[in-house]
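**Student:** After the structure tokens below, expect a handful of questions from me.
The values are calculated or read from the model by the stated rules, or taken from the named source; none is laboratory data. These numbers come from a predicted model, not from an experiment. A quick note on method: Cβ atoms are made from the backbone with ideal geometry, for glycine too, and the neighbour counts reach across all protein chains shown. Surface accessibility is based on the protein's heavy atoms, side chains included, excluding ligands, DNA and RNA. Shrake-Rupley method; radii C 1.70, N 1.55, O 1.52, S 1.80 Å.
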Amino acid sequence: MPIRTSSARWSGNLTEGSGTIRTGKGGFEGNYSFKSRFEEGEGTNPEELIGAAHAGCFSMAFSKGLADAGHTPTSVETTAKVHLDKTDAGMTVTRIDLESVGDVPGIDDAEFQKIAQGAKENCPISRLLSPGAEITLTARLA
């Protein structure tokens, strides 16, 4: 398996500085700052990138699980809401709420929910993040 690489450059102090984050193959490059991370400033932040990675990983794992069960989805769309909170240990990602909608012909809700839970527990990014952050899931059929 290939090793994936991303990079970041930061200039200046924490509150007045700024930086750039980029993926190794050039698929994404974005600016980030104190304001984009801890306030509502423009640009991206590490937590959004974690959320994008988690949503992408979950959507792929869920789609595979559905197809393996004989229900190839038309689409799976997932949003990840990453909660960055101040704790005794400092700023910490405490919870990620996955919200997924699947357009899956011919499946009942019980099987859909079972496969969704399996994807939540087994996608590589969930396995990476779950020891330190609570991961919740709301899944519904389109």
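**Student:** If you take the residues in segment 63-100 that are touching a Ser or Thr at 6+ places or on another chain (Cβ under 8 Å) and among the aliphatic types (A, V, I, L, M), which one is farthest from Lys120 (Cα to Cα)?
**Tutor:** The residue in question is Leu84.
**Student:** While we're looking at this one, here's another question. Scanning segment 118-142 for residues that are under 13 Å from Thr78 (Cβ atoms) and of a type in the set (Lys, Arg), which turns out surrounded by the most Cβ atoms within 10 Å (Cβ to Cβ)?
**Tutor:** Filtering segment 118-142 down to residues under 13 Å from Thr78 (Cβ atoms) leaves 119-120, 123, 125-126, 135-140, 142.
The next check asks that each one be of a type in the set (Lys, Arg); those that pass are 120, 140.
Numbers: Lys120: 21, Arg140: 12.
Out of the qualifying residues, it is Lys120.
**Student:** Here's something else I'd like to know. Which residue is least open to solvent (accessible area, probe 1.4 Å), if the candidates are limited to segment 1-25 and must be among the aliphatic types (A, V, I, L, M) and assigned to a loop (DSSP other than H, G, I, E, B)?
**Tutor:** My answer is Leu14.
**Student:** Can you tell me which of (1) closer than 18 Å to Ala55 by Cβ; (2) assigned to a strand (DSSP E or B) is the one Lys120 doesn't meet?
**Tutor:** Condition not satisfied by Lys120: (2).
**Student:** Further, regarding this structure: Within segment 72-106, work out how many residues are assigned to a loop (DSSP other than H, G, I, E, B) and either over 20 Å from Leu129 (Cα atoms) or within 20 Å of the chain's Cα centre (by Cα) (or both).
**Tutor:** Going through segment 72-106, the residues assigned to a loop (DSSP other than H, G, I, E, B) turn out to be 72-74, 88-89, 104-106.
Now drop any that are not either over 20 Å from Leu129 (Cα atoms) or within 20 Å of the chain's Cα centre (by Cα) (or both), which leaves 72-74, 104-106.
Adding up the residues that qualify gives 6.
**Student:** Next question, about the same structure. Of the conditions (1) modelled with pLDDT of 95 or more; (2) open to solvent by 40 Å² or more (accessible area, probe 1.4 Å), Phe38 fails just one. Which one is it?
**Tutor:** (1)
**Student:** Please specify each residue of segment 33-54 satisfying the condition of being among the hydrophobic types (A, V, I, L, M, F, W, C) and out of contact with any Leu (no Cβ under 7 Å at 6 or more places or on another chain).
**Tutor:** Phe38, Leu49, Ile50, Ala52, Ala53
**Student:** When the residues of segment 62-89 are narrowed to those that are modelled with pLDDT of 95 or more and of a type in the set (Gly, Ala, Ser), which ends up farthest from Leu137 (Cα to Cα)?
**Tutor:** Gly70
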